[in-house]
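The values are calculated or read from the model by the stated rules, or taken from the named source; none is laboratory data. Quick caveat, the model's predicted, so the values are computed rather than measured. Every residue, glycine as well, gets a Cβ built from its backbone with ideal geometry; the counts of neighbours run over all protein chains shown.
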Amino acid sequence: MTACWITDDFTEENGATCFVPGTHTLRRSPSPDEAAERFADAVPIEAPAGSIAIWDGMVWHGNTPRTAPGERAVLHVSYRRLAYNSFHDFSYVSDEFRKAASPEMRRLLGENHGFGSNSMYEHFDAQRYAPVSADVHR
């Protein structure tokens, strides 16, 4: 889930967040060609400051170019179940880079999380997750 706490009015002139209706059903990010083509169908979110806009994080979204004076200001927050790791698949990052990376960087790449993982680099530890999951559902 993605949420924007709108801190200045969302208008097209102010660089409002926009979304492409129906793209949540694709369950993937757009290719560069699709992004250029499909964002022509994007719908801007127009709302006053203080509003909160919430949508499925798989909806293709971006923002309109700001043409009004000033800067675009919005608090952008993404939510995901604790049992899942990174929002993105970083399996393309080389083993050499991973070996040289700090523990903090490896966590950013989706490794060594408290709930384990299901990546090619680390496997999900169901025994470690099950007690936490049971506590959450009580």
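Evaluated against (1) at pLDDT 85 or above; (2) part of a loop (DSSP other than H, G, I, E, B); (3) among the aromatic types (Phe, Trp, Tyr), PHE124 falls short on exactly one condition, (1). If I filter segment 72-85 for residues that are among the charged types (D, E, K, R) and either modelled with pLDDT of 85 or more or in a helix (DSSP H, G or I) (or both), do I get at least one hit? No, segment 72-85 contains no residue that is among the charged types (D, E, K, R) and either modelled with pLDDT of 85 or more or in a helix (DSSP H, G or I) (or both). Restricting segment 37-60 to residues that are farther than 14 Å from ILE6 by Cβ and at pLDDT 85 or above leaves a set whose member that is surrounded by the most Cβ atoms within 10 Å (Cβ to Cβ) is TRP60. All conditions in (1) under 17 Å from SER78 (Cα atoms); (2) over 14 Å from the mean Cα position of the chain (by Cα); (3) surrounded by 13 or more Cβ atoms within 10 Å (Cβ to Cβ) hold for THR11, with the sole exception of (1). Test PRO21 against the criterion of being in a loop (DSSP other than H, G, I, E, B) and touching a strand residue (DSSP E or B) at 6+ places or on another chain (Cβ under 7 Å), and give yes or no. Judged against the criteria, PRO21 is a match.
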